[in-house]
1. May I ask you to list pairs of residues, at least six apart or on different chains, whose Cβ atoms are under 7 Å apart, with the first in region 43-56 being of a type in the set (Gly, Ala, Ser) and the second being surrounded by 18 or more Cβ atoms within 10 Å (Cβ to Cβ) and not in a loop (DSSP other than H, G, I, E, B)?
2. From the set of residues in region 123-176 that are farther than 30 Å from ALA25 by Cβ and assigned to a strand (DSSP E or B), which is most open to solvent (accessible area, probe 1.4 Å)?
3. Name the residue, out of ARG105, ARG90, ARG95, that is closer than 28 Å to VAL43 by Cβ, of a type in the set (D, E, K, R) and buried (at least 16 other Cβ atoms within 10 Å of the Cβ).
Amino acid sequence: MSRPGFIHDKLDIKFLILYLMNRVAAPVDFATLAELTFCDDGVSYFDFAESVAELVSTGHLRLEEEKYAITEKGRRNGTICESSLAYSVRRKCDRNLAKVNGVLRRNAQVRTELLPREDAGVTLRLILDDDKGNIMTLDMLTVSEEQAGQLAEKFRAQPEKLYESILQALLENDEG
């Protein structure tokens, strides 16, 4: 019995993974790579997991801090083989990549760091960038890591809100 979809074996899955990794905006974790790869009914979880492991062992992908990135070897070989993928699979991948890349780019522009201090408290660094560089970096003293974590989450959810509030406060006319 033949498998459904356009992907029929592990080699097709490897081509698909390299196609995706060649176009993703930043390194991704296993779950995100799986979500992107399961765009075709012919992909099984076990074949996918084996394919990822084999691509790492052959030097096509690298795994750092639980995130996968494509290597130059993977980029070169993936480009050569991408025409082997069905056009409809590539189109579906491109649509899914647009969503994931939007999130990855946003995450790269909005960052937080916790900096321990020798005295009491933790310094929370809030960083907001755009394509041209840094927009804002703000260091704040917090009383605990827990508080810093809560503030960091709020900032990551709505960085524009904080930036706008700071601008309004600085531009406010104090004449009265």
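The values are calculated or read from the model by the stated rules, or taken from the named source; none is laboratory data. Since this is a predicted model, take the numbers as computed values, not measurements. All Cβ positions, glycine included, derive from the backbone under ideal geometry; neighbour counts span all protein chains shown. Calculation scope for accessible area: heavy atoms of the full protein, side chains included, ligands and nucleic acids excluded. Shrake-Rupley method; radii C 1.70, N 1.55, O 1.52, S 1.80 Å.
1. SER51/ILE13; SER51/LYS14; SER51/ILE17
2. LEU141
3. Numbers: ARG105 fails: buried (at least 16 other Cβ atoms within 10 Å of the Cβ); ARG95 fails: buried (at least 16 other Cβ atoms within 10 Å of the Cβ).
The conditions single out ARG90.
Conditions (1) assigned to a helix (DSSP H, G or I); (2) modelled with pLDDT under 95; (3) not basic (Lys, Arg), marked per residue:
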| site | (1), (2), (3) |
| --- | --- |
| ASP40 | no, yes, yes |
| ASP47 | yes, yes, yes |
| SER51 | yes, no, yes |
| LEU55 | yes, no, yes |
| GLY59 | no, no, yes |
| LEU63 | no, no, yes |
| TYR68 | no, no, yes |
| LYS73 | yes, no, no |
| ARG76 | yes, no, no |
